[in-house]
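Structure, as structure tokens:
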Amino acid sequence: MAQQIKAIRGMHDVLPEQAALWRFLEDSVRDVLDGYGYAEMRMPIVEMTELFKRSIGEVTDIVEKEMYSFEDRNGDSLTLRPEGTAGCVRACMENGLLHNQTQRIWYRGPMFRHERPQKGRYRQFHQIGVETFGFKGPDIDLETIFITRRIWQRLGLTGLELQINSLGDAAERTAYRELLVAYLDVHRDRLDADSLRRLDGNPLRILDSKNPEMRDVIEGAPSLFDHLGEESRRHFDELRAGLDAAGIPYVVNPCLVRGLDYYNRSVYEWVTTRLGAQGTVCAGGRYDGLVEQLGGKPTPAVGFALGVERLLALLEESGCKGADLAPHAYLVLMGTEAERQGVVIADRLRELAPRLRLQLHCGGGGIKNQFKKADKSGAPYALVLGDDELGRGLVTLKPLREAGEQREMTLAGAASFFNELIEKKG
Ligand code: HAM
């Protein structure tokens, strides 16, 4: 037998049994975003490699080690998107969406990072992202956080912690960087290999180290917080005041620096302790310099991205069943003529009851076997179509989950029965 080809490590199939939870998550998030007036956008999965280098930053884990980059047949260097912000900015600029206007946008889809796979960390994973353009004030930072809070409410997720920080503006960060490097240089002997490597290119990321042996050094480091300028401080204070007023608890984490270089001022993450090491389910912040960095006019911007797989893991853990996708009815066919006509009758029913989820029995077989399949489909009702019923223009409705008489109905009667049932369920 030929050897079977397996999926790529860290890339997973989403199986039919998982669809209910995906659908529930995606529909809930979409509804919330509709409620805040955000418009959906779809960008290509592949972009020029240069786009990610210039936006995420050359000296970041993502660009240095994790990108799926390749040369296409024209010799262009392309990359499977490791995140959505860069592509969204590129698309907005290219299509004139940032010219004299503001934007509130969302997108979803797969992202790709060649990380070491573990629970909650995959090489292909999904994000639902939000980006806003043209808003300077902290009200929009707040709005994006309100959106996330509303999403947790809709999903029934509790126990998530909001961590916030301010990274100041570019000049403040450059000044702080010098201070930090001077401090870390003195403590070189206490830095691990990873931090030594970052010392030159991206010293702020050292603050984010999870190595417990580095904790003391990091705690003793000068804080960017103490070096924020007046504007940045005011922005952050207003953000905090807004969160307080809205009753959203948060923790200021001065070590929250994010793994992508484009941020300034507010950054935030929602974290949980229930998922092991990969506890961040949502991350984002302000990135006022990115549009300009990519060749556009200076444009303030804020956004975040949800980690879909991590949220699904939380939903599963909390016992959430997800969307009800089971058919309302399973059409059982008895007799040669019924078997032949079944597919047509089923479609007529769907036409009369457009929201009806009806699964048609295909492939023949005895009545017992068909009812077994009806049961397995999860449908609360079977509709039985025999040659006899067919001749009289009727079907028999039979409850499968609760007691109740079976009864004969016309097709129109069955359709209104299901229309009412669906209407009642909402
Ligand atoms: P990020 O922190 O790189 O930010 O990713 C956002 C979220 O995606 C993470 O918090 C996590 O939930 C999920 N995630 C990241 N990597 C993986 C992985 N390998 N496996 C599973 N889930 C993962 C961004 O991507 C920014 N573009 C967010 C943003 C939008 N900032 C402003 N606008």
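The values are calculated or read from the model by the stated rules, or taken from the named source; none is laboratory data. Note that this is a predicted model, so its numbers are computed, not measured. Glycine also receives a Cβ, built like all others from the backbone with ideal geometry; neighbour counts cover every protein chain displayed. SASA here: full protein model, heavy atoms, side chains in, ligands and nucleic acids out. Shrake-Rupley method; radii C 1.70, N 1.55, O 1.52, S 1.80 Å.
Structure summary
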item	result
Convex hull of Cα atoms in segment 236-386, direction-averaged projection (nm²)	16.3 nm²
Whole-number D in µm² s⁻¹ for segment 166-273, Kirkwood Cα-pair radius fed into Stokes-Einstein, 37 °C, 0.692 mPa s	222 µm²/s
At R0 = 41 Å, FRET efficiency that the Cβ-Cβ distance of Asn211 and Ile8 yields, to 0.05	0.90
Relative contact order (%) - segment 237-365, alpha-carbon pairs under 8 angstrom, separation at least six	15 percent
The chain - percent of accessible surface contributed by carbon and sulfur, probe 1.4 Å	49 percent
Between 0 and 90°, nearest 10: helix 170-186 axis offset from the chain longest Cα axis	70 degrees
Projected area averaged over orientations for segment 226-324, convex hull of C-alpha atoms, nm²	9.2 nm²
Which listed pairs, of Lys210/Lys297; Lys321/Lys372; Lys119/Lys372, have C-alpha distances above 31 Å, in listed order	Lys210/Lys297; Lys119/Lys372
Accessible area per residue in Å² at 1.4 Å probe, computed on segment 247-394	44 Å²
More than 27 angstrom apart: percent of Cα pairs within the chain	62 percent
0 to 90° range, to nearest 10: angle between helix 85-94 axis and the chain longest Cα axis	90 degrees
Angle between the chain longest axis and helix 19-35 axis [Cα atoms, degrees, rounded to 10]	60 degrees
Diffusion coefficient, µm² s⁻¹, Stokes-Einstein with Kirkwood Rh over alpha-carbon pairs of segment 305-348 at 25 °C and 0.890 mPa s	174 µm²/s
Theoretical gain in end-to-end length, Glu238 to Arg23 [0.36 nm per residue, Cα-Cα removed]	73.8 nm
Within a Gaussian network of the chain (alpha carbon springs, distance under 10 Å), most fluctuating of Pro327, Pro249, Pro203	Pro327
Given charges at Cβ of Lys, Arg, Asp, Glu: the chain dipole, positive-most of Ala39, Ile345, Ile62	Ile345
Extension gain from Asp192 to Glu58, taking 0.36 nm per residue of separation minus the Cα-Cα distance	46.1 nm
Counted charge near Asp324, where neighbours are those whose Cβ lies closer than 12 Å (Asp, Glu -1; Lys, Arg +1)	+3
Descending semi-axes in whole angstrom, ellipsoid equivalent of segment 80-220, from the Cα gyration tensor	32, 21, 18
Cα→Cβ-extended label distance, 7 Å offset, between Ala326 and Asp34, nm	2.6 nm
Spin-label pair Ala171/Leu15, simplified geometry with 7 Å Cα→Cβ offset, distance in nm	5.8 nm
All-pairs Cα distance distribution in segment 199-255, expressed in whole percent, bin size 5 Å	4, 15, 20, 20, 16, 14, 9, 2, 0
Cα centroid separation - segment 160-175 against segment 234-285, whole Å	9 Å
Formal net charge of residues neighbouring Ala170 (Cβ-Cβ distance under 14 Å; K, R +1; D, E -1)	-3
Hydrodynamic radius by Kirkwood, which averages 1/r over all alpha carbon pairs of segment 1-132, in angstrom	16.7 Å
Residues with amide H under 5 Å from that of Leu331, placed H, sequence gap 5 or more	Gln359, Leu360, His361, Leu383
